[in-house]
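The structure under discussion appears below in the form of structure tokens.
The values are calculated or read from the model by the stated rules, or taken from the named source; none is laboratory data. Here the structure is a predicted model, which means the values were calculated and not measured. In this analysis, Cβ positions are derived from the backbone assuming ideal geometry, glycine residues included, and neighbour counts consider all displayed protein chains. Calculation scope for accessible area: heavy atoms of the full protein, side chains included, ligands and nucleic acids excluded. Shrake-Rupley method; radii C 1.70, N 1.55, O 1.52, S 1.80 Å.
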Amino acid sequence: MWKTLKNIGCSLSTYEALSPDLQLRQVVNRRLQQRPGRSLPQWIEEFWLPRGISAPVADFVSRQLGEYSGLETTRLLPSDHLETTLHLTLVCWFDWSMRLCEDFYQEFGIDISHRLDFQDLSTLEELLVFLNAQLLQAQSSPPP
């Protein structure tokens with residue numbers, strides 16, 4: 001019985017450590033509420049197309065990042081820092097970056113798991129530029 005209780009306690013503490021910080025998520029969303037709201041097409045047209053980011057990549061990031069983080073992605077700005085502004089490591093589940101790689105593969109058929117390094121990316125724009133470059137590179141590569 002003691003082992004069962006200990007396992008339950010360990011499971012609960014592990015679950016808490018790997019779970020999103022919902023209070024911080026609310027704080028970030030409250031800050032985002034102060035920004036103008038945009039539709040997804042407006043967000044893509046205003047911020048991403050002028051930067052050479054394809055609409056499918058911007059749409060993918062909006063959908064997936066919204067799912068992982070619970071943030072209103074169409075209020076995000078290209079200059080938003082992934083950690084210091086959006087706190088993605090804390091507001092998402094612990095495995096969100098792995099899920100991003102898996103979902104990118106499912107969506108575009110491109111494995112980025114060995115190329116994606118969040119230490120090299122600090123802003124939302126840098127993330128989208130990276131993902132767009134992966135898509136462009138795959139499209140320009142001759143088929144095997």
Inset, instruction - Among the residues of region 53-86, count how many are open to solvent by 50 Å² or more (accessible area, probe 1.4 Å), part of a loop (DSSP other than H, G, I, E, B) and more than 11 Å from GLU125 (Cβ to Cβ). - result: 3
Inset, instruction - Output the residues belonging to region 93-144 that are open to solvent by less than 70 Å² (accessible area, probe 1.4 Å), farther than 20 Å from ILE44 by Cβ and touching a Pro at 6+ places or on another chain (Cβ under 8 Å). - result: none
Inset, instruction - Please state which one of GLN119, GLN137, GLN106 is among the polar types (S, T, N, Q) and modelled with pLDDT of 95 or more. - result: GLN106
Inset, instruction - Would you check which residues across region 21-42 are assigned to a helix (DSSP H, G or I), in contact (Cβ under 8 Å) with a residue 40 or more places away in the chain and surrounded by 15 or more Cβ atoms within 10 Å (Cβ to Cβ) and list them? - result: ARG25, VAL28, ASN29, LEU32
Legend entry - Residue pairs meeting the criteria (Cβ under 6 Å; at least 6 apart or on separate chains; first under 16 Å from SER97 (Cα atoms) and touching a residue at least 40 places away in the same chain (Cβ under 8 Å), in region 127-139; second open to solvent by less than 70 Å² (accessible area, probe 1.4 Å) and outside any helix (DSSP H, G or I)): LEU127/LEU121; LEU128/ILE53
